[in-house]
Amino acid sequence: MNPYKPYNVKIRDILTETEDKSLKTFTFEFASPEDEAAFDFTCGQFGMLSIPGVGEIPIGIASSPTEKPVVKFTVFKTGRVTTHLHNMKPGDFMGIRGPMGNGFPMARMENKNLLIIGGGFAFTTLRSLVEMILQPQHRDRFGTVDVVYGARTPGMLLYRDELEAWEKRSDINVHITVDGTDDPDWAYQTGFVPMVTESCAPKADGNTMAIVCGPPVMIKFTRPVLRDLGYGDEEILMSLENRMKCGIGMCGRCNIGQELVCGDGPVFTLARLNRTPGEF
């Protein structure tokens, strides 16, 4: 297959996620069943959204494989391509390349208790992971599930309907926080993600793995919290999707030492990242 050739997709639905309208979730359907089958992805992988004559961008896949035949991407309006995409309508056609990168090691995570930590826009691939785990055909494959998710303000939280549904379940513990708010009706945590993780997350018990995805500063200050909670470097998975570039490891711009985030990642154990220059 030609890795540079995108699949033809149609926008089925667009959902504005945040109060400032800077983040929208796009639901795509493939133009042909053959293309849909070929786009066989796992949680944690990403795709290249391609708009002819405009450009393309790497974005983490927000939907679970269990939500096929559609695929979802949550896009932050930040540049030329994303602005054009935000102005498109349901029924418009564009392209998707992928899936790309290595996703979460699902086989290794089986029978483990999971601590899932996300911040801001980077929660997209973690939504994919949680949605898959909570499906009836998969839930028994994993132990307890704790989710810590933070945004700057209540209006910047993603996936409000899903969060509400997760909170109502007895088989997942959800800890929502914002950096700050003056909303007197705010019923959740206030504080940065590392601080909330320190107070709410379960300690490592030899059978627990932590999965972290967020802005670099969040990752930086979450690492020592996890170590204090007893998580070893091999039990900490980090997604560095913010460093993705060409998607197939050819341009070299995503490298951390000898590691190429597009090809070798974006999911790495902290132990593996510790052998690279401290750029993440």
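Here's the picture: charge each Lys and Arg Cβ at +1 and each Asp and Glu Cβ at -1 in the chain, and of P65, P202, A31 the one pushed furthest to the positive end of that dipole is A31. A simple spin-label model places the labels of E67 and R275 3.5 nm from each other, with each point 7 Å out along Cα-to-Cβ. Simple spin-label estimate for R169 and K5 gives 3.8 nm between the two label positions (7 Å along the Cα-to-Cβ direction from each Cα). Placing a label point 7 Å from the Cα of R12 along the Cα-to-Cβ direction, the residues of the stretch 46-84 with a backbone N closer than 13 Å are 63-73.
Add +1 for every Lys or Arg and -1 for every Asp or Glu among the other residues with Cβ under 15 Å from the Cβ of D40, and state the total. Present the calculation step by step, with values, prior to reporting the outcome.
Details: positive: K68, R97; negative: E34, D35, E36, E67.
Residues close to D40 contribute a combined charge of -2.
In a reduced charge model with +1 at each Lys and Arg Cβ and -1 at each Asp and Glu Cβ, the stretch 59-164 shows a dipole moment near 380 debye about its Cα centre. Considering only alpha-carbon pairs that sit under 8 angstrom and 6 or more positions apart, the relative contact order computed for the chain is 18 percent. Pairs over the 18 Å Cα-Cα cut-off, from the set K24/K89; K10/K72; K89/K245; K24/K77; K21/K89: K89/K245. Cβ-Cβ distance of Q135 and K203, R₀ of 22 Å, FRET efficiency by 1/(1 + (r/R0)^6): the value works out to about 0.20. Springs between Cα atoms under 10 Å define the GNM used for the chain, and in it the highest mean-square fluctuation of V217, V148, V193 occurs at V217.
None of the figures in this text is laboratory data; all of them are computed from the coordinates on show. In this text, all values refer to a predicted model and were calculated from it rather than measured experimentally. Reconstructed Cβ throughout: ideal geometry from the backbone, glycine too, with neighbour counts over all protein chains shown.
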